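Heads up, the thing below is written out as structure tokens.
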Amino acid sequence: MAAAAGPAVRCSLWQRRSLRCGPGPRPVPGGGAPLRLCSTQAVPQAGINKPVIDRIIRVDHAGEFGANRIYAGQMAVLGRSSVGPVIQQMWNQEKDHLKKFNELMVAYRVRPTVLLPFWNVAGFVLGAGSALLGKKGAMACTVAVEESISEHYNNQIRTLIEEDPEKYKELLQVIKQFRDEEQEHHDIGLEHDAEATPAYSVLKTAIQLGCKAAIFLSERI
């Protein structure tokens, strides 16, 4: 994670107006100096397009929640295999993404989707099911999901820029960083022979159709 150094603490890149640094060190994924724990402050609601922001944060929270469950399912099957550390590394980043969107849900006063219990089960089943196809199957799932998420984040970036890039500067910064990290996961999947999975195109298309349906529903309910 990129971080900006200060005289006494280091806070992650997106922690600007919406976060306040507090006591207690937080380990940095991958090593390095610890970050201070940060607490979320409420974001002023006046002047923002509340329906748009609610929809963005709700669906992104649901997406990161689902991604965590997918990687949990993959680790349950492949955690002790040679690809386990690679999956764990990607999962660790998804945990950070979910933590950030949990904070944004509070800061922007957004309710979560009512479908979280369903995504909890569906995500784990998808992750475990793809892993049962082998390491390549798990990576094919990663490619399909992360490609969908990256495209989704790009759409949100365009929406926020059209709304007011200065007003939504911090949120744009978060989404851009997460988009880049999801794209890295996509590329890691390709590097680990995702495309060599039997019926790769069929599997990828089916997973991406499911992702589109999940995005549509989570934005609205």
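For this structure, a couple of remarks:
- Among the residues making up the range 175-221, a single one is open to solvent by less than 60 Å² (accessible area, probe 1.4 Å) and part of a loop (DSSP other than H, G, I, E, B): Thr197.
- Looking only at residues of the range 99-121 that are in contact (Cβ under 8 Å) with a residue 24 or more places away in the chain and either under 20 Å from Thr197 (Cβ atoms) or among the charged types (D, E, K, R) (or both), we find that the one that is least open to solvent (accessible area, probe 1.4 Å) is Lys100.
- Residues in the range 125-165 that are part of a helix (DSSP H, G or I), farther than 12 Å from Cys211 by Cβ, open to solvent by 20 Å² or more (accessible area, probe 1.4 Å) and free of Cβ contacts under 8 Å to residues at least 24 places away in the same chain: Asn155, Arg158, Ile161, Glu162.
The values are calculated or read from the model by the stated rules, or taken from the named source; none is laboratory data. Predicted, not measured: the structure shown is a model, and the values here were computed from it. Cβ atoms come from the backbone with ideal geometry, glycine included; neighbour counts cover every protein chain shown. Each accessible area value is taken on the protein alone, full model and side chains, heavy atoms only, with ligands, DNA and RNA left out. Shrake-Rupley method; radii C 1.70, N 1.55, O 1.52, S 1.80 Å.
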